[in-house]
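Notes follow once the structure below has been shown.
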Amino acid sequence: MVANLPACVGQKCVGRLSIGSDSPRLSISEAIVFNGGGHINHSIFWTILSPTGGGEPTNDLASQIRLDFGSFEDFKKNMIERSSAVKGSGWGWLGWNRKTSKLEIVTTQNQDPLEATTGLIPLLGIDVWEHAYYIQYKNLRAEYVERIFDIIDWINVA
Amino acid sequence: MMRTRVLSVLGRRTKATLPELPYEYHALEPYISADIMELHHSKHHATYVNNLNVANEALQEASSKGDVTKCVQLANAIKFNGGGHVNHTIFWQNMSPNGGGEPEGPLAEAIQRDFGSFAAFQAKMSQATVAVQGSGWGWLGYNKEAGRLQVATCANQDPLEATTGLIPIIGIDVWEHAYYLQYKNVRPDYVNQFWNVANWEDAGSRFSAASA
């Protein structure tokens with residue numbers, strides 16, 4: 001993904017965008033969303049996981065979760081359900097809506113990055129592409145999503 | 001008692017069922033592992049079948065109550081699970097332990113005519129299939145209107161015919177579950193090896209039926 005991005009941005013884009021035909025521009029912009037999004041998403045992902053993670057958030061984030069979801073348990077249940085239900089490849093997100101000052105759970109398809117796609121600020125993302133879990137959990141995506149809560153770095157998320 | 005029985009028969013919908021594989025789980029080795037085949041058929045395809053039946057039951061109920069909103073809400077689940085059922089049912093037949101090589105007869109002639117050569121077709125389909133972003137399928141399909149074969153790809157479980165109008169001839173599943181345990185992230189290797197199990201007899205029958 002990172003390998004694909006510079007090649008596209010460095011050469012084809014500069015060259016092709018100036019030609020003016022829509023079709024190379026569209027396929028290049030698709031490549032940017034896919035590979036750029038993949039780079040953004042995974043860069044976030046590594047930071048929100050930790051071998052010493054797990055448990056629950058504290059302070060402001062905990063209060064906000066209670067405010068917007070009722071309880072941490074309700075938030076967790078919702079997040080697991082929504083992330084597991086992604087059709088095909090994608091991500092489950094806890095995002096911050098700056099306009100409404102509320103937390104939201106949303107999902108995105110493929111490598112569509114959260115902020116560029118929805119305007120929400122990504123706080124926590126769960127990769128539910130099959131490559132993220134298949135070798136260990138096989139087809140049991142919901143089990144993987146539930147277990148990932150054991151390694152969420154709530155300090156980073158907060 | 002007779003009346004109850006008749007009414008229950010009339011009320012019963014035809015449920016989707018998981019088709020049996022025409023071969024053992026290990027039969028496509030070394031090209032596709034037994035582990036993959038077993039999970040793919042008995043878990044993934046089975047889940048599409050179950051969820052399709054659930055969605056169809058809910059649709060029948062919503063429809064009989066005139067709840068159009070609910071019907072529309074169920075459309076996604078039916079497309080996803082129905083598509084998954086359709087796609088995989090074709091897929092198991094599209095592969096064979098005696099597969100590989102090249103097609104013969106009318107399909108071979110059509111490939112020659114529409115792609116220039118079998119090698120050119122294979123390269124085109126492999127490239128398009130590998131390039132699918134995310135989950136999806138690569139297809140050789142028949143365009144009835146134009147009387148031509150075409151390579152196409154579909155996202156997720158969107159079924160070829162319902163989505164594009166093309167009649168499916170042969171397809172390659174490139175959801176990661178179709179290859180990850182064996183090929184890891186190297187999707188091109190999997191797609192290249194798929195040709196060793198391609199069932200040209202089945203593809204030929206589909207082509208004959210589609211182009212009749």
(message) In region A:21-157, if the dipole is taken from +1 on Lys/Arg beta carbons and -1 on Asp/Glu beta carbons about the Cα centre, which of A:SER71, A:ILE155, A:LEU120 is farthest to the positive end?
(response) A:LEU120
(request) Extending each Cα 7 Å along its Cβ direction at A:SER71 and B:PHE118, get the distance between those two points in nm, one decimal. (result) 6.4 nm
(request) Using a/c under 1.5 as the rounded threshold, could you call region B:30-185 rounded, prolate or oblate? The axes a ≥ b ≥ c are square roots of the C-alpha gyration tensor eigenvalues, and prolate needs a/b larger than b/c, oblate otherwise. (result) oblate
(request) Apply 1/(1 + (r/R0)^6) to the Cβ-Cβ distance of B:SER208 and A:VAL2, taking R0 = 41 Å, and write down the FRET efficiency to the nearest 0.05. (result) 0.30
(message) Order A:VAL106, A:VAL2 by their accessible area, 1.4 angstrom probe, all chains in place, largest first.
(response) A:VAL2, A:VAL106
(request) Take the Cβ-Cβ distance between B:GLU24 and A:ASP60 as r, set R0 to 51 Å, and report the resulting FRET efficiency rounded to the nearest 0.05. (result) 0.35
(request) Ignoring everything but the protein chains, give the 1.4 Å probe accessible area of B:LYS184 in square angstrom, nearest 10. (result) 90 Å²
(request) Of the options A:ASN35, A:GLN109, A:TRP46, report the single residue whose Cα projects farthest towards the positive end of the charge dipole of region A:21-157 (beta-carbon charges: Lys, Arg +1; Asp, Glu -1). (result) A:GLN109
(request) Go through A:TRP91, A:TRP46 and list them by solvent-accessible area, largest first, probe radius 1.4 Å. (result) A:TRP46, A:TRP91
(request) Pull up the cross-link candidates among the aspartates and glutamates for B:LYS65, meaning alpha carbon to alpha carbon under 20 Å and not fewer than 8 places away within one chain. (result) B:GLU57
(request) Would you mind working out the magnitude of the charge dipole of chain B relative to its Cα centre, with +1 at each Lys and Arg C-beta and -1 at each Asp and Glu C-beta, to the nearest 20 Debye? (result) 920 debye
(request) Evaluate the relative contact order of region A:21-157 (contact order divided by residue number), counting alpha-carbon pairs under 8 angstrom at least 6 apart; express in whole percent. (result) 32 percent
(request) Rank these by accessible area, largest first, 1.4 Å probe: A:HIS39, A:HIS131. (result) A:HIS39, A:HIS131
(message) At 1.4 Å probe size, with the rest of the protein present, what percent of the exposed accessible area of region A:21-157 is carbon and sulfur atoms?
(response) 52 percent
(request) Evaluate the charge dipole of region A:21-157 about its Cα centre and quote only its size in Debye, nearest 20, assuming +1 on the Cβ of each Lys and Arg and -1 on the Cβ of each Asp and Glu. (result) 160 debye
(request) Between A:GLU146 and A:THR117, with labels modelled 7 Å along Cα→Cβ, what's the label distance in nm to one decimal, could you check? (result) 2.5 nm
(message) With every protein chain left in place and a probe of 1.4 Å, what is the accessible surface of A:GLU146, to the nearest 10 Å²?
(response) 100 Å²
(request) Report A:THR58's accessible area, 1.4 Å probe, all protein chains in place, as a number in Å² to the nearest 10. (result) 90 Å²
(message) Roughly how large is the B-A contact in terms of buried accessible area, totalled over both chains, probe 1.4 Å, nearest 100 Å²?
(response) 1500 Å²
(message) Tell me whether region A:100-158 comes out rounded, prolate or oblate; compute the Cα gyration tensor, take square roots of the eigenvalues as a ≥ b ≥ c, and use a/c under 1.5 as the rounded threshold.
(response) oblate
(message) Nothing charged except the Cβ atoms of Lys and Arg (+1) and of Asp and Glu (-1): what's the magnitude of the dipole of region B:98-212 about its Cα centre? Round to the nearest 20 debye.
(response) 220 debye
(message) How charged is the neighbourhood of A:ILE65? Take every other residue with its Cβ under 14 Å from the Cβ of A:ILE65, and add Lys/Arg as +1 and Asp/Glu as -1.
(response) -2
(message) Less than 13 Å Cβ to Cβ from B:ASN94, Lys/Arg counted +1 and Asp/Glu -1: what total charge do the surrounding residues give?
(response) -2
(request) Set the Förster distance to 30 Å, then compute FRET efficiency between B:THR69 and B:GLU145 from the Cβ-Cβ distance, nearest 0.05. (result) 0.30
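The values are calculated or read from the model by the stated rules, or taken from the named source; none is laboratory data. These figures come from a predicted structure and were not determined experimentally. Note that we place each Cβ from the backbone using ideal geometry, even for glycine, and neighbour counts take in every protein chain shown. To get the accessible areas, we keep the full protein, side chains included, count just its heavy atoms, and leave off ligands, DNA and RNA. Shrake-Rupley method; radii C 1.70, N 1.55, O 1.52, S 1.80 Å.
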